[in-house]
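Engineer: Dumping the structure here so I can ask a few things about it.
The values are calculated or read from the model by the stated rules, or taken from the named source; none is laboratory data. Please read these numbers as outputs of a predicted model, since none were measured by experiment. Neighbour counts are summed over all protein chains in view; Cβ atoms, including those assigned to glycine, are modelled from backbone coordinates with ideal geometry.
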């Protein structure tokens, strides 16, 4: 090799290493947001559809992955280019009245989501013979300490570590000994898709647990809290696509684990937490334990991220200081909102007379109402040249984004109507 060729090779390697270092320096927000969509409620939904419809839902999962990537990318691009969170943009462009309306809806919906995660943790803890009340107190205490005492970097590392434990679902799926050829082909080629009322509801439930209003708020705020610069936008966009793939990569194994055991033996589930015990006779003790542990981990990540979203949103809507890099004294309101949501949810979960099932369905309906508004804000902001400059949506990207948004909005409205009329019955 000549000196010139050697120098050229070194230059290419140096450029690659530099880009890789930049990528890992901005890595985190988009992946954590996408992974948090796989909270305990998400695991329950994937488990239910896997047990009821087998591998046929995997093709729908591929479409949802694409929709998630498109919508999240718009969010991170708006945040980095404008330097503002979604709450800031809504307040500045639509006023305080709209801000109050959206925040109240988001707060109620997020509280319902936190309740769902705490409920799943409580039930799963009982499966492992752990005192559920004591365990919930420990979980809330730990969550409060690591949010208040840790800075942004510490919290991001804990979230990423939590994401690592989603590997338990891969092990559970392999222990279930599925038909891998059928499972993988079902992702790309529709298999046994019967468009019954139940299948449509299940597909919408999977979409609704993956693409959420809180997810749009969180990715904006978390990107800003990391202080990513506009020069690094392209790396964050790559991470957004990677995050969307990764979250549904794990969802794939959740569905496979239950499809290859429960669906194959015609065993239905009423709740997702049952999956951990139900797959035991077919996949073994280890798979059952790992699946249950995965639900606990997903529940913890979900309740922390969603409560944090509410705190970020309040700070943006009402112009108060809110950052994980600020002390409790400097961001007091931010941290109090976070703690308050956890405590309200914990109190409701422990009231015997409260129907948690009804709360979850009400939350789904409220999220369905909020989603169209979120995508209106996203699309108008990402097409506003005064705000975005040269970073507005391109014509073809805009077509894709609009079509994606319409699909999501139709699904969300369908969920609202079905919940009001009492039509949906995934677990039955």
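Engineer: Just to verify a result, which residue in the stretch 31-73, among those that are over 17 Å from residue 172 (Cβ atoms) and outside any helix (DSSP H, G or I), is modelled with the highest pLDDT?
Structural biologist: Ranking the candidates gives 39 first.
Here is a yes/no grid of residues against (1) more than 17 Å from the chain's Cα centre (by Cα); (2) under 30 Å from residue 221 (Cβ atoms):
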| site | (1), (2) |
| --- | --- |
| 282 | yes, no |
| 292 | yes, no |
| 297 | no, yes |
| 303 | no, yes |
| 314 | yes, yes |
| 317 | yes, yes |
| 322 | yes, yes |
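Engineer: Could you identify the single residue in 379, 366, 370 that is within 29 Å of residue 196 (Cβ to Cβ), under 23 Å from the mean Cα position of the chain (by Cα), assigned to a helix (DSSP H, G or I) and modelled with pLDDT of 80 or more?
Structural biologist: Answer to the check: 370.
Engineer: Scan the stretch 131-153 and tell me whether some residue there is modelled with pLDDT under 90, under 22 Å from the mean Cα position of the chain (by Cα) and crowded, with 18+ Cβ neighbours inside 10 Å.
Structural biologist: The answer is no, given that none of the residues of the stretch 131-153 is modelled with pLDDT under 90, under 22 Å from the mean Cα position of the chain (by Cα) and crowded, with 18+ Cβ neighbours inside 10 Å.
Engineer: Can you find, within the stretch 1-24, the residue that is surrounded by the most Cβ atoms within 10 Å (Cβ to Cβ) among those that are modelled with pLDDT of 65 or more and in contact with a helix residue (DSSP H, G or I) (Cβ under 8 Å, 6 or more places away or on another chain)?
Structural biologist: Filtering the stretch 1-24 for residues that are modelled with pLDDT of 65 or more and in contact with a helix residue (DSSP H, G or I) (Cβ under 8 Å, 6 or more places away or on another chain), the one surrounded by the most Cβ atoms within 10 Å (Cβ to Cβ) comes out as 23.
Engineer: Further question: Looking at the stretch 229-244, which of the residues that are out of contact with any helix residue (DSSP H, G or I) (no Cβ under 6 Å at 6 or more places or on another chain) and part of a helix (DSSP H, G or I) is surrounded by the fewest Cβ atoms within 10 Å (Cβ to Cβ)?
Structural biologist: 231
Engineer: Suppose we filter the stretch 154-174 for residues that are surrounded by 15 or more Cβ atoms within 10 Å (Cβ to Cβ), within 21 Å of residue 291 (Cα to Cα) and in contact (Cβ under 8 Å) with a residue 40 or more places away in the chain; how many remain?
Structural biologist: Qualifying residue count, the stretch 154-174: 11.
Engineer: Next question, about the same structure. Being over 16 Å from residue 87 (Cα atoms) and crowded, with 17+ Cβ neighbours inside 10 Å is the filter here, so list the residues in the stretch 304-325 that pass it. Steps first, answer last, please.
Structural biologist: First, the residues of the stretch 304-325 that are over 16 Å from residue 87 (Cα atoms): 304-305, 324-325.
Passing the criteria: 304, 305, 324.
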